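Below is one structure, written out as structure tokens; the observations come after it.
None of the figures in this text is laboratory data; all of them are computed from the coordinates on show. These figures come from a predicted structure and were not determined experimentally. Virtual Cβ from ideal backbone geometry, glycine too; neighbours counted across all protein chains shown.
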Amino acid sequence: MRLAHRLLLYGFAVVSVLVIAVVLIIDRRLQARVIEETLDGLAREARLVAAQWRDPSMADSLADVAGEALGHRVTLIDRNGAVLGDSDFDGDALRALENHGSRPEVVQARSTRAGAARRVSSSAGNEQFYVAVGAPLGVARVSLPTRALEVVFDRTRREILVAGLIALILSTLLAALFSRSVSRPIIELRDVARGIAEGDLTRRPSLSAPGEVGDLATALYRLAEQLGARMTALQTDRALLAAVVASLEEGVLAVDSGHRVVQANQAARRLLDVRAPVPFSLDVLPRDPVLRDSLADALRGATSDPEEVSLNGRTLLLTARPLEHGGAVLALFDLTAMRRLENVRRDFVANVSHELRTPLTVIAGFTETLTEVGVPPEKRRQFGEMILANTTRMQRIVDDLLDLSRIESGGWVPNPVLIDAESIIQDVLAGLRDVWDAKGIELRIRIDPSAKQVFADRTALRQILSNLLENAVRYTAQGSVSVITEPVPGGVNLSVSDTGTGIPPEHLPRIFERFYRADSGRSRESGGTGLGLAIVRHLVEAHRGRVEAESTAGEGTTMRVFLPSV
């Protein structure tokens, strides 16, 4: 039941009880008061009649006159109880009246000068009030039917009931207005409090309610303002924290005390290969013993040292920490690139050492031989040529390393311009003419009319073509080498194809690494440094392009360079 209805019902019940109580009390008090006043009036009338009764023979006529004047029954009784006069009876009827000497009011009047009684009249046949007073000649009595008073009582009672009903209606209307004035702000406060509890912090109560309800509305308004400010600050901090966590390259997982992952950033999902929406069970995570044990220890409140694990082909540094109120946080740092760089560095040092050791060994050996006495002049000349060739090889390795280092470190920035493709191809091929003539290699150049010009740095493009063509000529014993330009969306493809030995498929993904050779022995014999394709890749990427290799062992290789347009 609504508050307004309860207040109205309570008010109606209270007013009803009060009206009933007032009606009952007034009815009883009024009845007693009227009876008392009526008896007093009858006593005064009886004393008046007694004072006028001086002749016994005139008793009946006096009773008739007094009864007509007073409007009440008047009875005159002598000292022996005989009725001498009665306003309601005459003649034989009067003489037939029984002796009244034993009537209670008559007996009292003789002894106390006044008496009163209420009883059914034996002569009139109805209930009457009797009041008798002593007189010099006997007793004067005045009577009144009780029915006359009951009519007055009924009329008065009806009037009181009507007044009570009107009061009840008016009080009910006032109670309804009061209940609405009280319940409306309370209902508003209830709705506002319920909205705040459900998260709607924009709800505000009106401050027009009077009294304590107004004080409560003011307090609730301030509470909503403070909660709104705190929730805004909390949401801002939470959004900032979520943005920071989401932007981390490290993976972060939060696990609650129920062993459910309640937060995971994109890095963690990528590293653990998890796609389930949060919250999800720990069973979704990879079943790595180190990962599971670290999380189990953290959920028990223990802190473990960071450990390396291998998951999904990656090397991860895993750290699990317990939370103060239960749960744990798992942090994942991807060490894959670092470990790869360490491997590359070790391989680089080993490769450089290996590449330089061979010519240094040759130079040292021949130099030591030349210091001996008796070496024939023709041998000296041969040894000198070998020393020069290996020195040149070492110089090329050092130059290529310096070029590669300069490109990788950002010390060199390309200055691309539109270049005629055919002219620069011809310049590069001119330097290799003796080699392909000696091998009898057929050279083919095909320039697409729509790809006559490329947007590139002239020196860089010359070095790119030089390295690709040197490799093509070096690994082609016979057959042909083709240089092709063709337009593609966004730029130009420049391809160098040969019909040489080709590259086995297992070596293709790594041929652009430094010092990587598919056939190391043959490459060194042909004078390669193992850095040419690595330099090509870095130069092309500096132009925002890309380089790809296609090859079939025994059939040839195609190196395709994409250079974007202006």
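Is it possible to state the helix-based mean residue ellipticity at 222 nm for the chain, with each DSSP H run of 4+ residues giving -39500 (n - 2.57), the sum divided by total residues, to the nearest 500 deg cm²/dmol? What is it?
-18500 deg cm²/dmol
Rounded to two decimals, what is the ratio between the C-alpha radius of gyration of the stretch 379-503 and 2.2 N^0.38 Å?
1.24
May I ask for the Rg/Rh ratio of the stretch 436-476, computed from Cα atoms with Rh as the Kirkwood radius, given to two decimals?
1.04
Just to check I understand the Karplus step: with θ = phi - 60° and J = 6.51 cos²θ - 1.76 cosθ + 1.60, what whole-Hz values come out for the stretch 318-328, glycine and proline as x?
Ordered by residue, 3J(HN,Hα) equals 10, 9, 10, 10, x, 9, 5, 9, x, x, 7 Hz.
Specify the angular offset, from 0 to 90 degrees and rounded to the nearest 10, of the alpha carbon long axis of helix 458-474 from the longest principal axis of the alpha carbons in the chain.
On a 0 to 90 degree scale, this one is about 60.
To test your reading of the geometry: what angle, between 0 and 90 degrees and rounded to tens, separates the Cα axis of helix 336-370 from the longest principal axis of the chain?
For 336-370 against the chain, the angle is about 10 degrees.
Residue by residue through the stretch 32-48, which ³J(HN,Hα) values in whole Hz follow from phi under the Karplus form 6.51 cos²θ - 1.76 cosθ + 1.60 (θ = phi - 60°), with glycine and proline marked x?
5, 5, 5, 4, 4, 5, 4, 5, 4, x, 5, 5, 5, 5, 5, 5, 5
Sorted from largest to smallest, which semi-axis lengths in Å does the alpha carbon gyration tensor of the stretch 413-564 give for its equivalent ellipsoid, taking the root of 5 times each eigenvalue?
Here the semi-axes work out to 23, 18, 14 Å.
By its C-alpha gyration tensor, with a ≥ b ≥ c as the square roots of the eigenvalues, how is the stretch 107-182 shaped: rounded for a/c under 1.5, else prolate for a/b larger than b/c, else oblate?
prolate
Need one number: the % of Cα-Cα pairs in the chain sitting beyond the 29 Å mark.
Everything past 29 Å amounts to 77 percent.
Report the percentage of all Cα-Cα pairs in the stretch 248-334 whose separation exceeds 23 Å, rounded to a whole percent.
In whole percent, the long-distance tail amounts to 10.
Ordered by residue, what ³J(HN,Hα) values in Hz, to whole numbers, does the stretch 109-115 give under the Karplus form 6.51 cos²θ - 1.76 cosθ + 1.60, where θ = phi - 60° and Gly and Pro are x?
5, 5, 8, 10, 6, 7, x
Relative to 2.2 N^0.38 Å, what does the C-alpha radius of gyration of the stretch 23-174 come to as a ratio? Two decimals please.
Taking N as the residue count of the stretch 23-174, the ratio is 1.27.
Helix 211-247 sits at what angle to the longest principal axis of the chain, using alpha carbons and giving 0 to 90 degrees rounded to 10?
Between the helix axis and the principal axis of the chain, the angle is about 10 degrees.
Please give the charge dipole size of the chain, origin at the Cα centre, charges +1 on K and R Cβ atoms and -1 on D and E Cβ atoms. Round to the nearest 20 debye.
So the magnitude is around 980 debye.
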